[in-house]
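Take a look at the structure below.
The values are calculated or read from the model by the stated rules, or taken from the named source; none is laboratory data. What you are looking at is a predicted structure, and each value in this text was computed from that prediction instead of being measured. Note that we place each Cβ from the backbone using ideal geometry, even for glycine, and neighbour counts take in every protein chain shown.
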Amino acid sequence: MRSVISKLKQVCTVTVLAMALPLSAMAQAYPSKPIKMIVPFPAGGTTDIVARIIAQKMTESMGQPVTVDNRGGAGGNIGADLMAKAPPDGYTIMMHNLSFPLAAVAQALANRSPFNVDTDFAGVSIAVYVPFIWTSSPSVPAKDLKELANLLKSNKSLQYNYGSTGPGSTMHVLGEAYKKEAGINMEHIPFKGAAPLKQELLAGRLQVGGDQLSSSLAEVKAGTLKALATTASKRIPGLPDVPTVKELGFPNLELEGWNGVFAPAKTPKDIIDRLNKEIIAAVRHPDVVKRLNELGAEGVGSTPAAQDAMLRKQMDQFRGIIREMKLD
């Protein structure tokens, strides 16, 4: 009887070990198929450019393709919703930017948010810092935001429009805050991303806009777009003549720019840690550092907790403003 029991124990032990081995192998095998990185904006903008640079390096180091999937619209919320509802297995991630906290708050306050930003997302890493700048068509006779405000107040017949990357996006919130603080009027024109917004500015059909620096740095340096201000806390080294919003008398418009990676909530910690490690390695690679510098961006590679903290900090910073504006 004892020998039978002993044999049963051996069988059970072997069975448990056999079951454990595939699980361990699966954990070690990540990734075993391509990874999709959702960019919630059309191709051509800062977030798309940064995502493609980092995705290429991740592809090289992870042994599986990391492909960018552009899903623009609703200030980035369409793509964010797709990522939030994806399986939490590490094969669908998202590169977003400073529009995320503002658009999420705007949608939530309007009771139209398809996701819960507090429970549906897990931060992976702040990948880069990229300053946000206000831009205008060269035909606008103002060199900065203060002169623009004076221009519109002194000539009520001027009908200026400002563009954003969608309802509740960074430029939309900042544009409405600027109108209120400056005591001026401009109509809001939403676009699906930075690329189409920039094209309208370049064509002269739109007077004012704004996005992260990388989207328009080349045009600003070439003189085909004008930089009116940066929302960063200090002047941009590559554009030392562009004043900060605080210098111009609009401290409430100050906002640090970033691009960061998120995964669906409940993604296993070991997968989050692996993705974090890969992103840090990517942004610190010499080739990537050089490319980011050319774009006016600075590689960061933060902890997952730092990305979560940045998201919540900026949501808190602008929640009151967005609630008061009742943005649509």
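Points worth noting:
- Residues of segment 281-317 that turn out to be outside any helix (DSSP H, G or I), of a type outside the set (A, V, I, L, M) and modelled with pLDDT of 95 or more, as a count: 6
- Among the criteria (1) over 21 Å from Pro268 (Cβ atoms); (2) assigned by TED's automatic domain parsing to the domain that holds Thr303; (3) assigned to a helix (DSSP H, G or I), the one Met83 does not fulfil is (1).
- Output for segment 133-147, where each listed residue is assigned to a loop (DSSP other than H, G, I, E, B), over 30 Å from Arg71 (Cβ atoms) and in contact (Cβ under 8 Å) with a residue 60 or more places away in the chain: Pro138, Ser139, Val140, Ala142, Lys143, Asp144
- Boolean, Ile133 is crowded, with 24+ Cβ neighbours inside 10 Å, of a type in the set (A, V, I, L, M) and more than 20 Å from Gln307 (Cα to Cα): yes
- The residues listed here are Val124, Val50; of these, the one that is in a helix (DSSP H, G or I), in contact with a strand residue (DSSP E or B) (Cβ under 9 Å, 6 or more places away or on another chain) and buried (at least 24 other Cβ atoms within 10 Å of the Cβ) is Val50.
- Test: residue in segment 257-267 that is surrounded by fewer than 22 Cβ atoms within 10 Å (Cβ to Cβ), free of Cβ contacts under 8 Å to residues at least 12 places away in the same chain and over 18 Å from Ala55 (Cβ atoms): no
- In segment 91-115, the residues that are farther than 19 Å from Gly72 by Cα and assigned to a loop (DSSP other than H, G, I, E, B): Tyr91, Ala110, Asn111
- Among the residues making up segment 53-80, those that are of a type outside the set (D, E, K, R), surrounded by fewer than 23 Cβ atoms within 10 Å (Cβ to Cβ), part of a loop (DSSP other than H, G, I, E, B) and at negative phi are Gln64, Pro65.
- Condition check for Glu278: modelled with pLDDT under 95 and assigned to a helix (DSSP H, G or I): no
- Contact map, segment 25-52: residues that are at pLDDT below 90 paired with residues that are of a type in the set (Val, Ile, Thr), Cβ distance under 7 Å, separation 6+ or inter-chain. Pairs shown: Thr46/Val130.
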